[in-house]
Amino acid sequence: MSTKKESDAGGVALDILPSLMGYQLRLAQIAIFRDFASTLGGLNITPGLFGVLIIVARNPGMTQTALARAVHLDRSTVVTVIDNLEARGLVDRRPSIPDRRANALVLTPSGTRLLKKLKGLVAEHESRLCRNLSERDQETLVSLLQKIFPELR
């Protein structure tokens, strides 16, 4: 780790920040979220909502509790997310067959159509993000990131 004082393009001394993994990850997250928002234009879908739609589509009938565990959010936050998606006509809540006290989640036909469109746009977004990385670099980066807090995987 370098201890020399480094500066960004604006001439601000950043000291050790450029050598810190958390700082670099945060800069990458900012760039990724900006490009994601630009790519998806006015569709009003965040990376988090996209992830929820993907998980619900691949696991029709899953409960809100299972979804909360899968996306690492508390149950009350997931309720708000599902309220939003339901109000937009993208997700339906249905009584769970095994436990009628729980809600089973499914994409609506409209949600399925939107998700298909989103997948294409997200593929374009990912392509731009990785334009300076070889396929091997991409695999290595994903593998290394998965080693950080593996208990979240």
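Given Leu17, Leu114, which one is of a type outside the set (Ser, Thr, Tyr), within 17 Å of the chain's Cα centre (by Cα) and surrounded by 12 or more Cβ atoms within 10 Å (Cβ to Cβ)? Even if it seems obvious, please write down each step before you answer.
Working: Leu17 fails: within 17 Å of the chain's Cα centre (by Cα).
None of the other options fit; the residue is Leu114.
Restricting attention to the stretch 66-77, does a residue exist that is β-branched (Val, Ile, Thr) and within 27 Å of Gln29 (Cβ to Cβ)? Steps first, please.
Of all residues in the stretch 66-77, those β-branched (Val, Ile, Thr) come to 71, 77.
Narrowing the set further to residues that are within 27 Å of Gln29 (Cβ to Cβ) leaves 71, 77.
Yes, there is a match, as at least one residue in the stretch 66-77 is β-branched (Val, Ile, Thr) and within 27 Å of Gln29 (Cβ to Cβ).
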Practice task
Test Gly61 against the criterion of being surrounded by 11 or more Cβ atoms within 10 Å (Cβ to Cβ), in contact with a helix residue (DSSP H, G or I) (Cβ under 8 Å, 6 or more places away or on another chain) and not assigned by TED's automatic domain parsing to the domain that holds Gln29, and give yes or no.
Solution key: no
Fill in the blank from the handout: Considering the stretch 81-136, residues that are hydroxyl-bearing (Ser, Thr, Tyr) and in a loop (DSSP other than H, G, I, E, B), and then whichever is farthest from Gly61 (Cα to Cα), we arrive at Ser134
Problem - Pair list, Cβ under 9 Å, 6 or more apart: the stretch 140-153 residue not assigned by TED's automatic domain parsing to the domain that holds His72, other residue of a type in the set (D, E, K, R) - result: Gln146/Arg153
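Does Val56 qualify as being in contact with a Lys or Arg (Cβ under 7 Å, 6 or more places away or on another chain), more than 28 Å from Gly22 (Cβ to Cβ) and either part of a helix (DSSP H, G or I) or modelled with pLDDT of 95 or more (or both)? Show your work before the answer.
Working: in contact with a Lys or Arg (Cβ under 7 Å, 6 or more places away or on another chain): no; more than 28 Å from Gly22 (Cβ to Cβ): yes; either part of a helix (DSSP H, G or I) or modelled with pLDDT of 95 or more (or both): yes.
Against the criterion (in contact with a Lys or Arg (Cβ under 7 Å, 6 or more places away or on another chain), more than 28 Å from Gly22 (Cβ to Cβ) and either part of a helix (DSSP H, G or I) or modelled with pLDDT of 95 or more (or both)), Val56 does not qualify.
The values are calculated or read from the model by the stated rules, or taken from the named source; none is laboratory data. Here the structure is a predicted model, which means the values were calculated and not measured. FYI the Cβ positions are ideal-geometry reconstructions off the backbone, even for glycines, and counts take in every protein chain you see.
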